[in-house]
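> Let me give you the structure first, and then I'll get to my questions.
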Amino acid sequence: MKLLRASLLYSAPALACGLALATALAPAHAQDTFKVGLVSPMSGPNARYGAFANKGAALAAREINAAGGVLGRKIELVSGDSQCVPAEGVSATKRMISFDKLPVIIGDICSSVTLAMQPLAEESGVLLLNAASSNPTITYKAGVGGFKWTFRNYPTDEARAAIVLDYSVKHRGLKNFAVLSVDSDYGRGAINFTKKYLPKYPDAKILSEDYYKESETDFRPVLSKIRSEGAQAIIMYGQADTTPIVARQMLELGLAGKVVLVGNGEFNTKATIAAAPSVMNGSVEAAAWLPEWTSARSQKFVEDYKKAYGGEMPNNHAYTHWETTHLLAAAIGAAKSLKPEDIRNALAKIKYDSAMGTVTFDDHNQAILPMVLLEVEGGKPVIKSAIAAKVDYPKP
């Protein structure tokens, strides 16, 4: 387990070099700072996501600090590496709670890690503010579900699956699906929710169901099977680094223009589309946010992020961690207190103006906010609509 400190009091050149992620800078006096934990994968197959998360949060903290901080204190991030492994995430969380005495922790990108963090936060009275995990179980168990200290500022897999399936069937006329998703809580959970809503569409069916390991690179056997089955679309919930590999191999097997990808796996990025444009055209994806989102706040974030990080385009996790850090600062301002319980109570009642619209939380401490539905057309992501789907909580 790696535990890294990152003070948010550095210059733009340092940010551009990415030193905001883990460089220990001149220590600040405790009374001058408000420390916030950030648990994310900083090594391993999902390190790319953690890097974006840390950069987004670092940028937000720098902006908040430049404006005077929170109740006169500057935010200082304490970053822990989960490696997207529950045991590592738990270790980082325990260190933050017991050693660093942190009142608030943002984390994790990986749902399995967040689920493992929840009981620790609850036992310790530490606010767990999630910015990227999408498994619905997290908020099934939160708020009135039991875990009073967990809040999530991110849409759920259930909402995403329902939105993608509805658009694919009703607007694209797709009915024969094959599944190829990552073998994780995220990938399997999204498919389970797809199957939950599938009976609403009598003509739609799943022909086959396959899951891949994070390190897998050869998808030709399963793609050949999908081709022989006559599937019109592949439902994929997976890793951004895997999508271009799948797209190139679909091109090799002659599936371009015959089978489309639907779900979520950063289909919209330039790098993914460039890997096989003829395959990616027609892909359908629902995302919490896109760089193409046209609100003034969103576009300013994109420009500020690119300026801070040498022209790098932010992804979804950079945005959600940036926005969630600002949300935390707004809750502290509303609470007029740095005590975890006061911040928690302020979050429950907050109306926060995000780049995606006004954020409020339901009684399960789940943010109610829209997702962006897009389709790749002519080699570019085209936003079709922004849809807010209400979570259908299981009855007690």
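> Residues of segment 225-259 being in a strand (DSSP E or B) and at pLDDT 95 or above, which ones?
A233, I234, I235, M236
> So which residues in segment 209-253 are among the small types (G, A, S), under 27 Å from the mean Cα position of the chain (by Cα) and surrounded by fewer than 18 Cβ atoms within 10 Å (Cβ to Cβ)? It would help to see each step written out before you state the result.
In the first step, residues of segment 209-253 are kept if they are among the small types (G, A, S); the result is 215, 224, 228, 230-231, 233, 238, 240, 247.
Within this subset, residues satisfying the condition of being under 27 Å from the mean Cα position of the chain (by Cα) are 215, 233, 238, 240, 247.
Of everything in segment 209-253, just one residue is among the small types (G, A, S), under 27 Å from the mean Cα position of the chain (by Cα) and surrounded by fewer than 18 Cβ atoms within 10 Å (Cβ to Cβ), namely S215.
> Would you confirm whether or not segment 184-205 contains a residue that is in a strand (DSSP E or B) and open to solvent by less than 50 Å² (accessible area, probe 1.4 Å)? Show your work before the answer.
Applying the first criterion (in a strand (DSSP E or B)) to segment 184-205 yields 205.
Narrowing the set further to residues that are open to solvent by less than 50 Å² (accessible area, probe 1.4 Å) leaves none.
So far as segment 184-205 goes, no, none of its residues is in a strand (DSSP E or B) and open to solvent by less than 50 Å² (accessible area, probe 1.4 Å).
> Just wondering, is there one or more residues in segment 168-177 that are among the basic types (K, R) and part of a helix (DSSP H, G or I)? Walk me through it before giving the result.
Narrowing segment 168-177 to residues among the basic types (K, R): 170, 172, 175.
Keeping just the survivors that are part of a helix (DSSP H, G or I) gives 170.
Among the residues of segment 168-177, at least one is among the basic types (K, R) and part of a helix (DSSP H, G or I), which makes the answer yes.
> For segment 138-148, name all the residues that are in a helix (DSSP H, G or I) and surrounded by fewer than 20 Cβ atoms within 10 Å (Cβ to Cβ). Working first, answer last.
As a first pass, look at segment 138-148 and keep what is in a helix (DSSP H, G or I): 138-140, 143-145.
If the condition is that a residue be in a helix (DSSP H, G or I) and surrounded by fewer than 20 Cβ atoms within 10 Å (Cβ to Cβ), then Y140, V144, G145 are the ones that fit.
> List the residue pairs whose Cβ atoms are under 8 Å apart, where the first residue sits in segment 91-103 and is buried (at least 23 other Cβ atoms within 10 Å of the Cβ), the second is polar (S, T, N, Q) and at pLDDT 95 or above, and the two are 6 or more positions apart or on different chains.
A92/S82
> Still on this structure, please answer the following. Just give me the residues in segment 311-333 being touching an Asp or Glu at 6+ places or on another chain (Cβ under 8 Å) and of a type in the set (F, W, Y), in sequence order.
Taking segment 311-333 as the starting set, the residues that turn out to be touching an Asp or Glu at 6+ places or on another chain (Cβ under 8 Å) are 315-316, 326.
Once the filter is applied, which keeps residues that are touching an Asp or Glu at 6+ places or on another chain (Cβ under 8 Å) and of a type in the set (F, W, Y), segment 311-333 yields nothing.
> Moving on to the next point. Does segment 361-384 hold any residues that are open to solvent by less than 40 Å² (accessible area, probe 1.4 Å) and either of a type in the set (G, A, S) or part of a strand (DSSP E or B) (or both), and which are they?
Within segment 361-384, F361, Q366, A367, M371, V372, L373, L374, E375, V376, G379, P381 meet the criteria.
> If you go through segment 343-355 one residue at a time, do you hit one that is on the phi > 0 side of the Ramachandran plot and of a type in the set (D, E, K, R)?
First, pick out the residues of segment 343-355 that are on the phi > 0 side of the Ramachandran plot: none.
The answer is no, given that none of the residues of segment 343-355 is on the phi > 0 side of the Ramachandran plot and of a type in the set (D, E, K, R).
> I'd like to know if segment 118-129 contains one or more residues that are in a loop (DSSP other than H, G, I, E, B), open to solvent by 10 Å² or more (accessible area, probe 1.4 Å) and small (G, A, S).
Yes; the residues of segment 118-129 include at least one that is in a loop (DSSP other than H, G, I, E, B), open to solvent by 10 Å² or more (accessible area, probe 1.4 Å) and small (G, A, S).
> Only one of V262, V279 is in a helix (DSSP H, G or I) and surrounded by 17 or more Cβ atoms within 10 Å (Cβ to Cβ). Can you tell me which? Show your work before the answer.
Details: V262 fails: in a helix (DSSP H, G or I).
On inspection, the qualifying residue turns out to be V279.
The values are calculated or read from the model by the stated rules, or taken from the named source; none is laboratory data. Quick caveat, the model's predicted, so the values are computed rather than measured. Cβ coordinates were reconstructed from backbone atoms using ideal geometry, including for glycine residues, and neighbour counts include every protein chain displayed. Ligands, DNA and RNA are excluded from the accessible area calculation, which covers all protein heavy atoms including side chains. Shrake-Rupley method; radii C 1.70, N 1.55, O 1.52, S 1.80 Å.
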